[in-house]
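A quick write-up on the structure given underneath.
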Amino acid sequence: MSATGASIGTRASWLLVTPLIVVLVFAFFWPIANLLSRSFFNPDFSLDKYETLWSQQLYWRVFGRSIWISVACCVICLVVGYPVAYAMARLTGWRGLVVAACVLVPLWTSVLVRSYSWIFLLQRNGVVNSVLQDLGFIGRPLQMLYTEGAVLVAMTHVLLPFMILPIFSTLRGIPPELSLAARNLGAGRAMTFWKVTLPLSLPGVSTGVLFVFILALGFYITPAMVGGPKTLMIGTVIAQQVTELLDWRFAGALSTVLLVLTLLVAVVFQRALAVERLSGHAS
Amino acid sequence: MSQGTVRGAAVTISGVSRRYGSVTAVNDVSLDVRAGEFISLLGPSGSGKTTLLMMIAGFEIPDDGTIAIGGRDMTRVDPNHRNLGMVFQKYALFPHMSVAENIAFPLQMRKVGKADIAARVADALAKVQLAGYGGRQITQLSGGQQQRVALARATVFNPPVILMDEPLGALDKKLREHMQIEIKQLQRQLGATVIYVTHDQQEALTMSDRVAVMNHGVIEQLSAPRDLYDEPQSIFVADFVGDTNLLTGTVHAVENGIVALDLPGGERVFGRPAGRTREAIAPGGSAVLSIRPEKVRPGAGPGSIAVRGGELIYAGSDISIVGQTRDGRPFKFRAGPADAAGDATVSWTAGDALVFAASGDMPGAGR
Ligand SMILES: Nc1ncnc2c1ncn2[C@@H]1O[C@H](COP(=O)(O)OP(=O)(O)OP(=O)(O)O)[C@@H](O)[C@H]1O
Ligand SMILES: [Mg+2]
């Protein structure tokens, strides 16, 4: 009886996910597979686009820049985000709500709007330059927009919630009496954080880092808007190939490399996490 | 911190209060715990037991009063500088550390050498019958084993005082009784002072040298277990500790140390005046008589009452009958082998019943 019940349940649940699978296959996997596979055929099998990619310094630099900006973005998000997540997990009542709102409201605002607001702040006659000039810190307006710094700041702003939320949720899940026990056993506040809170929040940290890194690597809108030709990132280059140069095959080659890079990072992270679990955590 | 010959330290709590907004969780409590004593804080939920313990541990700062440990004022000292052992209800073991690492933690904090740590961890594990379990992960242990690890961790640095907040609350009855004995033995070995929070009166009575019964943030009574049961100082304690029947009535007379009490049903019962406010018992005043089920015997006599509709209640070794008095109050007494359910007439020796002035029961009145 239970067997029939279970099999009907399984069949019913397959029925429930079928529409999703159909949509995913036709709107996601198929076009992606199509794009990626195009890069290998001309019309017979050929690696000519990969040879171009390999031989031109420009693309090496674009990938290098994408990786370093993503790493920097991750580090900044972690350094800024961890304390915010910690405060959110600690504060109760209205204080906690205020901090949570500060994190969530940007998340609900369009990336476009947030990127425009950075242009508004950073441009030649923008808010930051005017204030600095009025205060007499600088004589002439600084070039801030279209620099790597601008890209980094704007991307950090957009991606910060993806770091804060997973860390916050693991911190919230740590039973408060663990800190009390550590204090009771002789650990000061800093030692308690170092020995108990931080290690137990590491799963949230790695989730956040993975989120931010992968999102940053393929980021398009923000770098395209606040970055210039000197700060090209891979997402922007792929879009250019498709929309301006109509070179779908080259876009496919770039996308393949990006996808492989992303998967590589994900796998390495998963491994690192698993090793850490084995050595330090309960199996 | 000397090893081996640890002596418990005295804990002196003087006039301590803690308020949360309009709630007074602990209200002007004073308590002298002697060095090496096992003392229980017993009371219903919300009576302030945990709050008092948290103030001793240093996680809460009293609004008023002082707490001294081993003669040193600790009222405002950080928890990590109090050198107290503590066992939490949910054990609070560190899930990312092995059993041995958990037990080593307080020693590392005290900068004990590596070799010394290993020896003392092994020793502590042996003391709680977990020799060889050091490499295990916390999640691989049963509830009882986790509790033992928590005990080992709280005692491995030989603290002079150990605090426990319902440490056995999550265990089943059998294991709980077993652990009670283990905790008691461990305490004797270590010679430490233990302050033990529980709302299980059986646990408090069997383990403690003295029991402090708390209610509404005050200590209602501080006595040895025997006295707590035989000589409760208030209706609350009589009712909370052990089983009892409470009969409310009007005092008819007080003569030769015996109170005659008229019940609303028209019966007259007898008992001896008791409690802190026994002087307030006077003819015409209202009072409450407390008689334990095991002191009641079947049959008529002076001060007998009728119990109607009695039902047999089996509780393992002993059988009780629960019926109703004439004015509809539940009344319980031990059944003899020949007793059957139904109506009965029961009586008791006046000296076995305690009469409290009804006004003496106001929560927090006098100490
Ligand atoms: N942090 C707090 N904030 C507000 N009120 C609190 C706080 N801690 C305790 N209280 C209140 O103080 C009173 C005493 O609580 P406490 O936890 O000391 O009781 P307890 O005797 O340990 O009860 P239990 O047997 O349920 O554990 C309760 O009314 C409780 O609601
Ligand atoms: Mg409690």
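The values are calculated or read from the model by the stated rules, or taken from the named source; none is laboratory data. Please read these numbers as outputs of a predicted model, since none were measured by experiment. Neighbour counts run over all protein chains shown; Cβ positions are idealised from the backbone, glycine included.
Side notes on the structure shown:
- Evaluating B:Thr206 against the criteria (1) of a type in the set (S, T, N, Q); (2) within 29 Å of B:Arg276 (Cβ to Cβ); (3) more than 15 Å from ligand 1 (Cβ to nearest atom); (4) crowded, with 19+ Cβ neighbours inside 10 Å leaves one unmet condition, (4).
- Residue within the stretch A:189-208 that is farther than 17 Å from A:Val80 by Cα and either acidic (Asp, Glu) or in contact with a strand residue (DSSP E or B) (Cβ under 8 Å, 6 or more places away or on another chain) (or both) present: no
- Residues that are over 11 Å from B:Val213 (Cα atoms), more than 14 Å from chain A (Cβ to nearest Cβ), more than 9 Å from ligand 2 (Cβ to nearest atom) and of a type outside the set (Asp, Glu), drawn from the stretch B:30-60: B:Ser30, B:Leu31, B:Val33, B:Arg34, B:Ala35, B:Gly36, B:Phe38, B:Leu52
- Residues in the stretch B:78-101 that are touching an Asp or Glu at 6+ places or on another chain (Cβ under 8 Å) and facing another protein chain (nearest Cβ under 7 Å): B:Met86, B:Phe88, B:Lys90, B:Ala92, B:Phe94.
- Yes/no for B:Ala170 being within 14 Å of chain A (Cβ to nearest Cβ), surrounded by fewer than 19 Cβ atoms within 10 Å (Cβ to Cβ), in contact with a helix residue (DSSP H, G or I) (Cβ under 7 Å, 6 or more places away or on another chain) and small (Gly, Ala, Ser): yes
- If you check B:Gln146, B:Gln129 for being surrounded by fewer than 19 Cβ atoms within 10 Å (Cβ to Cβ), in the same structural domain as B:Leu175 (by TED's automatic domain parsing) and closer than 19 Å to B:Pro167 by Cα, only one passes: B:Gln129.
- Meets criteria (closer than 23 Å to A:Leu58 by Cα and part of a helix (DSSP H, G or I)) for A:Gln240: yes
- Qualifying residue in the stretch A:262-274 (condition: farther than 30 Å from A:Arg38 by Cβ, away from chain B (no Cβ under 14 Å) and either in a loop (DSSP other than H, G, I, E, B) or out of contact with any helix residue (DSSP H, G or I) (no Cβ under 8 Å at 6 or more places or on another chain) (or both)): yes
- Restricting attention to the stretch B:239-268, the residues that are under 30 Å from B:Asp64 (Cβ atoms) and touching a Leu at 6+ places or on another chain (Cβ under 7 Å) total 2.
- Within the stretch B:175-280, helices (runs of 4 or more DSSP H) holding 2 or more residues that are without any contact (Cβ under 8 Å) to a residue 40 or more places away in the chain and more than 16 Å from ligand 2 (Cβ to nearest atom): B:201-207, B:225-230
- A:Ala253 within 14 Å of A:Thr52 (Cα to Cα) and modelled with pLDDT of 90 or more: yes
- Those helices (runs of 4 or more DSSP H) of the stretch A:122-230 in which 1 or more residues are under 28 Å from B:Gly85 (Cα atoms) occupy A:148-173, A:176-184, A:189-192, A:198-217.
- Residue check for B:Arg18: among the basic types (Lys, Arg) and away from ligand 2 (no atom under 16 Å from the Cβ): no
- Residue count for the stretch A:91-127, restricted to those that are among the basic types (Lys, Arg) and without any contact (Cβ under 8 Å) to a residue 24 or more places away in the chain: 2
- One residue alone among B:Ile195, B:Ile181 is buried (at least 22 other Cβ atoms within 10 Å of the Cβ) and either hydrophobic (A, V, I, L, M, F, W, C) or within 16 Å of ligand 1 (Cβ to nearest atom) (or both), and that residue is B:Ile195.
- Check on B:Val241, surrounded by 15 or more Cβ atoms within 10 Å (Cβ to Cβ) and either under 20 Å from B:Ala282 (Cβ atoms) or assigned by TED's automatic domain parsing to the domain that holds B:Ser320 (or both): yes
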